[in-house]
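Below is one structure, written out as structure tokens; comments come after it.
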Amino acid sequence: MKYVFFYDETEHSRKINYKTVTANNYCDNFMTGIVGWKAEENDCVSDRYLAFESKYAYRKKDGELKSHTMKTKDFSLGFASLNNHTIEFYGGCKKFCVYG
């Protein structure tokens with residue numbers, strides 16, 4: 001059985017210098033996400049993701065949903081900071097997933 005995997009990481013500094021390490025948003029680590037599915041489900045997963053990405057196209061930067069899509073202010077008070085629209089966006093991420 002064949003599987004398809006997708007890998008992405010959060011923002012991280014590719015250039016380490018004084019300006020980078022003294023920046024307010026500097027972090028010396030980052031998160032990685034890896035998701036996979038059966039190759040036979042590729043069309044279904046792709047269709048669901050494209051529908052999700054299309055719905056939130058206005059949030060794209062340079063043609064992609066980037067880390068900047070998730071604003072720091074959205075989490076200033078934890079989940080209490082989230083408005084209904086932002087909750088719908090984060091919750092919508094799971095809708096294109098295939099389970100089972």
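Bear in mind that the values in this text are calculations on the coordinates, not laboratory data. Being a predicted model, the structure only gives us computed values, none of them experimental. As a convention, Cβ positions derive from the backbone with ideal geometry for all residues, glycine included, and neighbour counts pool all protein chains shown.
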Would you mind working out the magnitude of the charge dipole of the range 3-96 relative to its Cα centre, with +1 at each Lys and Arg C-beta and -1 at each Asp and Glu C-beta, to the nearest 20 Debye? 400 debye
Chymotrypsin sites (Phe, Trp or Tyr not before Pro) within the range 49-79: DSSP coil, no more than 16 neighbouring Cβ in 10 Å: Tyr56
Cross-link reach from Lys38 to lysines, straight Cα distance under 29 Å and at least 8 residues apart if same chain, gives Lys2, Lys55, Lys60, Lys66, Lys94, Lys95
